[in-house]
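One structure below.
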Amino acid sequence: MRIIAGEAKSLPLKTLPGSETRPTTDRIKETLFNMIHPYLTGCRFLDLFAGSGSIGLEALSRGAKEAVFVERNKKAAAVIRENMEFTKLASGGRLYCMDVFAALRELEHQEQEPFDIVFMDPPYHQLLEKQVMEALLTSHLIAEHTLLIAEASRETDFSYLEDLGYELEKIKLYKTNVHTFIRKRA
């Protein structure tokens, strides 16, 4: 796994050995970033369930102003820290080694402006995407312009979005997973 483009292009990234995290493949990451490229320059990026940090680091490398990483696994958080330092992108990043919902509560008290992009790649089949959407709905961490992206298994049901107050903007299907692009309804 590596940074695909931008300031840290081609630099390799460490990943956590074993199956505790599911790193997004370079090919899927490249497709994702080709789709969100117009929104990256100067954006504030929130990477939930960050794993190795490759998505947030790619955002920083491609021009995001700031990336906030949330990962509760201490070993994975250490890998994110190493990757931030190795890529020399640490100055634009902040890492929270805690549960995503605790981090959202903490960020709610710290942040004054909404994030421009929120990316989440939670463990599959646990409905964590829905819980995050519920937590963010009344939060000032997102606004109508915020693009929310959920990486999930192809079987994940997002039919609840409209009832919660979100709009499904686009779905990108891959062999085993999907990127779902969502915005808060006006």
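The values are calculated or read from the model by the stated rules, or taken from the named source; none is laboratory data. Remember, it's a predicted structure, so these values are computed and weren't measured experimentally. We place every Cβ from the backbone using ideal geometry, glycine too, and count neighbours over all the protein chains shown. What goes into the accessible areas is simple: the full protein's heavy atoms, side chains included, and nothing from ligands, DNA or RNA. Shrake-Rupley method; radii C 1.70, N 1.55, O 1.52, S 1.80 Å.
Does ARG94 qualify as being part of a strand (DSSP E or B) and open to solvent by 40 Å² or more (accessible area, probe 1.4 Å)?
Criteria met by ARG94.
Taking the options ILE36, ILE4, name whichever one is farther than 21 Å from LEU141 by Cβ and among the hydrophobic types (A, V, I, L, M, F, W, C).
The match here is ILE4.
Residues checked against (1) closer than 25 Å to VAL132 by Cα; (2) in contact (Cβ under 8 Å) with a residue 12 or more places away in the chain; (3) surrounded by 18 or more Cβ atoms within 10 Å (Cβ to Cβ):
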{"position": "MET1", "(1), (2), (3)": "no, yes, no"}
{"position": "THR31", "(1), (2), (3)": "yes, yes, no"}
{"position": "CYS43", "(1), (2), (3)": "yes, yes, yes"}
{"position": "LEU48", "(1), (2), (3)": "yes, yes, yes"}
{"position": "GLY56", "(1), (2), (3)": "yes, yes, yes"}
{"position": "SER61", "(1), (2), (3)": "no, yes, yes"}
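Checking the conditions here, which among ALA59, ALA50, ALA5 is part of a loop (DSSP other than H, G, I, E, B) and under 19 Å from THR146 (Cα atoms)?
Step by step, each of ALA59, ALA50, ALA5 is checked, and only ALA50 is part of a loop (DSSP other than H, G, I, E, B) and under 19 Å from THR146 (Cα atoms).
Scan region 63-78 residue by residue and report those that are out of contact with any strand residue (DSSP E or B) (no Cβ under 7 Å at 6 or more places or on another chain) and surrounded by fewer than 23 Cβ atoms within 10 Å (Cβ to Cβ).
Result: GLY63, ARG72, ASN73, LYS74, LYS75, ALA76, ALA78.
Pick from PHE101, PHE119: which is open to solvent by 40 Å² or more (accessible area, probe 1.4 Å) and either modelled with pLDDT of 95 or more or acidic (Asp, Glu) (or both)?
PHE101
Of all residues in region 135-186, how many are open to solvent by less than 40 Å² (accessible area, probe 1.4 Å), under 24 Å from ILE28 (Cβ atoms) and part of a loop (DSSP other than H, G, I, E, B)?
So the answer is 5.
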